[in-house]
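Student: Below is a structure I'd like to ask you about.
The values are calculated or read from the model by the stated rules, or taken from the named source; none is laboratory data. Here the structure is a predicted model, which means the values were calculated and not measured. Ideal geometry is used to build each Cβ from the backbone, glycine not excepted, and the neighbour counts take in all protein chains shown. All accessible areas refer to the heavy atoms of the entire protein, side chains included, with ligands and DNA or RNA removed. Shrake-Rupley method; radii C 1.70, N 1.55, O 1.52, S 1.80 Å.
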Amino acid sequence: MPDQEMLDEVVVIGYGTVKRGDVTSSISVVKTDELPKASTASVGNMLTGRTPGLIVKANSAAPGGAIDFSIRGGNAPLIVIDGYPISPVDDQYISENVKETGNKLGSVPMDNNFINLNPDDIESIDILKDASATSIYGSRAANGVVLITTKRGSEGKVDVKFSASVSMQKLYGFEDMLSGQDFMRERNKITREIWMNNNNVYPYGTREWEDSMNTSILYPYTEEEISKFRGGTNWLDEVTRTGLIHNESLNIKGGSGKTKYLFSVSNLSNDGVVKNNSFNRFTTRLNLDQKFNNWLKGGVNVSYSRNNIDNVYGESGRSGGSQFAGMLSSAMEFNPTLPIWDENGNYTLNPDDRFGRPNPVSFLDAQDKSQRENILATANVELTPVKGLMIKGTVGTDIRINERKSYLPSTISIGNQESMYAYIGQNRGESYLLNLMADYKLSLDKHNWGVMGAFEFEHQGQNGTTMINSGFPSDNFGWDNMGSGSRAHPDVTSYKKIGERASYIGRINYSYGNRYLLTANIRVDGSSNFAANKQWGVFTGVSAAWKIAEEKFIKNKIDWLNDLKLRVGWGQVGDDGKLTGTDTYFTTYYYAFNNIPTAGLGLGALANPDLTWETKTSFNMGIDWGIFNSRISGTVDFFSSRIKNKIGKRQLPINQEIMEIDYCLTGVGNQF
């Protein structure tokens, strides 16, 4: 791209756009044509290594598995799709009940951020890193902002694009598993080492080894047994396979001078490398823009996605030896001399395993299925009553519905885990957004002004239910007849959360002679998460830039230098903690009276009316440069940040009914 064309490229900055060359904050732009055509279901994985300061870490290799996504080492950033801040509902986990003991099953957490997006629908991804840029999003932008802009229709003939791809996946990086005979020899070696340690034999003590000591060691296997052994099981091979991904995408766009449209539909299926583990995503999108006359236009964006997931019991939170059992960990630890089934046709168990690890192949009998649906819709009307003035109103909704069903049949034996165990979890999240914005631009000689003001209101609600039972008459019931289980106390839970935010937003842009740039913004957020006297927070940001390459002593004199800009910015963003710390509420507890579980009420949380906004203050200084028509370019940034009134937990005295309370902690900071 020629240097001037790149500098004139439009960058989304939140509630507006600017030319790339006029950006005064630390912002990175990723175009979808720059993303690798990776064999992955999530856009998040594709962003790995694409821009400085963006950290992407996969928590699971399962199809659709969760991703830790952070900007400059913070927590998960705010994600905004076509101007709408999305609010993923809580992930659902299986068998995390605190009343369970012994080995447990931990479900694999799933990606809640990018998994609903079809990469072919995305035009660009703008990443706001410093507080001078993110403060315009106020209380939700403490950890940075990711702005995703989808493709639009264009004037001209209809453009139809269809793409399809197929790829395969294989396990990589695993050590070769021991054969049955090798395992027997290693067991004998370990037995000898243990005996030597217990009997003070070198190198564990002062006694010298003598071959006659072999007669004192009770080896698990004799040399004859090892030489005659045939068979055995490679457990990793039994539970894994070659994975397959296929993706089909159809994109249709076109339009006239007044009407422009884009319609897309896609399907992605991923059969993972672990058997019975698969992910399927179906998406469809309609983006419509209509120009009614010279001063009035509008648009509608509607997208729908449905994810169907066949989960496997994984290693989430696995700690304490074998506290959590998973298919792959069992396959790597199970005795390879054992067959899959015993002489009675039952799954073989390892009699020497005191942790009670399950037979790896038995996991394939378990069922764990999820379905996730998402509808994201926005509509806007834009007026330009006079030159330079734009008035825009936007309404939208984001609806997310999750359902997860799991059944652990009688054929799986895992320590103290209940047998014939069924789980159904359902949750629904809804958010509604109203945004009213006015933007005015004015140019006088070398002076360019931009003023923006907006009001925004958002309502968020989430509710869910959970049912757990066990001890069914037959495995055929699965989760389809929850009332037929024989658990002494079936778990039935539900919850509901509601939150609202109201915000006043303002921004001023100024530039002089295309060399000196200034941006200042303010956002006033009100949150229902705090007491009445602390509900409002004020967050400001200011940044400036000097386009050195436009100065007379450089421009047209140093031909190879086409871009050199110095930036500096300061800003504050807040966080309301997504908590209920200002409310005291009760929850259900169960007590045993005459060995009969009896429900009662007790304090679930203790209010702290002194909670206030967590505030993050950041400073950023950077240099952008480009040489040889930006064929070589780069950015150097220095930044520091400090958090005041960080929302966390404080322990209470042990004689209290509640052991901890939400509390504002002391400040913490970092710099790079």
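Student: Which members of region 627-672 meet the condition of being of a type in the set (Val, Ile, Thr), at pLDDT 80 or above and exposed (fewer than 14 other Cβ atoms within 10 Å of the Cβ)?
Tutor: Within region 627-672, Ile632, Val636 qualify.
Student: Then there is this: Restricted to region 350-370, and to residues that are more than 37 Å from the chain's Cα centre (by Cα) and of a type outside the set (Asp, Glu), which residue is most open to solvent (accessible area, probe 1.4 Å)?
Tutor: Step by step, filter region 350-370, then rank; the result is Pro351.
Student: For the list (1) open to solvent by 100 Å² or more (accessible area, probe 1.4 Å); (2) over 30 Å from Trp235 (Cβ atoms); (3) among the aliphatic types (A, V, I, L, M), I need the number of the one condition that Leu218 fails.
Tutor: Of the numbered conditions (1) open to solvent by 100 Å² or more (accessible area, probe 1.4 Å); (2) over 30 Å from Trp235 (Cβ atoms); (3) among the aliphatic types (A, V, I, L, M), the odd one out for Leu218 is (2).
Student: Considering region 175-208 alone, what residues qualify as being at pLDDT below 90 and surrounded by 12 or more Cβ atoms within 10 Å (Cβ to Cβ)?
Tutor: Answer for region 175-208, where residues must be at pLDDT below 90 and surrounded by 12 or more Cβ atoms within 10 Å (Cβ to Cβ): just Met177.
Student: Could you tell me whether region 577-597 includes any residue that is out of contact with any helix residue (DSSP H, G or I) (no Cβ under 7 Å at 6 or more places or on another chain), buried (at least 17 other Cβ atoms within 10 Å of the Cβ), modelled with pLDDT of 75 or more and of a type outside the set (S, T, N, Q)?
Tutor: No, that holds for no residue.
Here's the yes/no breakdown for (1) free of Cβ contacts under 8 Å to residues at least 40 places away in the same chain; (2) open to solvent by 70 Å² or more (accessible area, probe 1.4 Å); (3) not hydrophobic (A, V, I, L, M, F, W, C):
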{"site": "Tyr423", "(1), (2), (3)": "no, no, yes"}
{"site": "Asp445", "(1), (2), (3)": "yes, yes, yes"}
{"site": "Gly453", "(1), (2), (3)": "no, no, yes"}
{"site": "Glu456", "(1), (2), (3)": "no, no, yes"}
{"site": "Gly478", "(1), (2), (3)": "no, no, yes"}
{"site": "Gly485", "(1), (2), (3)": "no, no, yes"}
{"site": "Tyr504", "(1), (2), (3)": "no, yes, yes"}
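Conditions (1) part of a loop (DSSP other than H, G, I, E, B); (2) within 30 Å of Val273 (Cβ to Cβ), marked per residue:
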| position | (1), (2) |
| --- | --- |
| Asp159 | no, no |
| Ala164 | no, yes |
| Glu175 | yes, yes |
| Phe183 | no, yes |
| Glu186 | no, yes |
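Student: Here's another thing I want to ask about it. Can you give me the number of residues within region 526-543 that are in a strand (DSSP E or B), open to solvent by less than 30 Å² (accessible area, probe 1.4 Å) and in contact (Cβ under 8 Å) with a residue 60 or more places away in the chain?
Tutor: Final tally of qualifying residues: 5.
Student: Which of the residues that make up region 229-263 are closer than 18 Å to Asp176 by Cβ, touching a helix residue (DSSP H, G or I) at 6+ places or on another chain (Cβ under 6 Å) and of a type in the set (S, T, N, Q)?
Tutor: Residues satisfying the conditions do not exist here.
Student: Going by what's in this entry, would Thr411 be described as open to solvent by 20 Å² or more (accessible area, probe 1.4 Å) and not in a strand (DSSP E or B)?
Tutor: Spelling it out, Thr411 is indeed open to solvent by 20 Å² or more (accessible area, probe 1.4 Å) and not in a strand (DSSP E or B).
Student: Also: Of the residues that make up region 136-145, is at least one open to solvent by less than 10 Å² (accessible area, probe 1.4 Å), under 30 Å from Ser503 (Cβ atoms) and either in a loop (DSSP other than H, G, I, E, B) or modelled with pLDDT of 90 or more (or both)?
Tutor: Yes, that holds for at least one residue.
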